[in-house]
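First the structure, in the form of structure tokens, and then the observations on it.
Rule-based calculations on the coordinates, nothing more; no lab input. None of these values were measured; they are calculated from a predicted model. Here the Cβ positions follow ideal geometry from the backbone for every residue, glycine too, while neighbour counts run over all protein chains shown.
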Amino acid sequence: MKYGEKEIREFNIDAEENFWPNAHSKNYTIKIELPEFMCLCPRSGYPDFATLYLSYEPADVVIELKALKLYINSFMYRSISHENVANEIYDTLYSRLAPKSMKLIADFNPRGNVHTVIEIDSQDN
């Protein structure tokens, strides 16, 4: 196994070093685009691809960007539905960041003539 595969497969989002103190008390928004998301279709096993758009207004902590990359890449080996992808990522990040607000958009590439976009916004919940 190559070092990158090993790092992705063994990644633990709960590790303390993945989150850093937010050094700023003012309100600001962090916007991150993740254009290479991949997971496996739970029915066919074919790969599903998406662009994820994450924006959050941090409170006490921010996520380290390499940690976010490894977390997102860890889905490439998982069979998981589009809806479960978006909800799991949102719930995991929201619970660990406890941001003032957060929004996740999972825009999946069309496959079989179906284009899925899933949005979760803390302001709606």
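Normalising by residue count, the chain has a Cα convex hull of 105 Å³ per residue.
Could you work out the local net charge near Gly112, counting Lys and Arg as +1, Asp and Glu as -1, over the other residues with Cβ closer than 15 Å to its Cβ? So the surrounding residues net to +1. If you take all other residues with their beta carbon under 13 Å from the beta carbon of Phe19, and give Lys and Arg +1 and Asp and Glu -1, the sum is -3. With the simple spin-label model, which puts each label point 7 Å out from Cα in the Cβ direction, the His115 to Trp20 separation comes to 3.6 nm. Other residues whose C-beta falls under 9 angstrom from the C-beta of Leu54 contribute a net charge of +1, scoring Lys and Arg +1 and Asp and Glu -1. Applying Stokes-Einstein at 4 °C and 1.567 mPa s to the Kirkwood radius of region 1-72, computed over alpha-carbon pairs, gives a translational diffusion coefficient of 91 µm² s⁻¹.
List the pairs from Lys6/Lys31; Lys69/Lys100; Lys66/Lys100; Lys26/Lys69; Lys2/Lys31; Lys6/Lys66 whose alpha-carbon separation is above 19 Å, in the order I gave them. As for pairs spanning more than 19 Å Cα to Cα, those are Lys6/Lys31; Lys69/Lys100; Lys66/Lys100; Lys26/Lys69; Lys2/Lys31. Looking at region 3-124, the DSSP beta bridges with both ends there are about 95 percent antiparallel. Estimated from the Cβ-Cβ distance and a Förster radius of 30 angstrom, the FRET efficiency linking Val61 and Gln123 is about 0.90.
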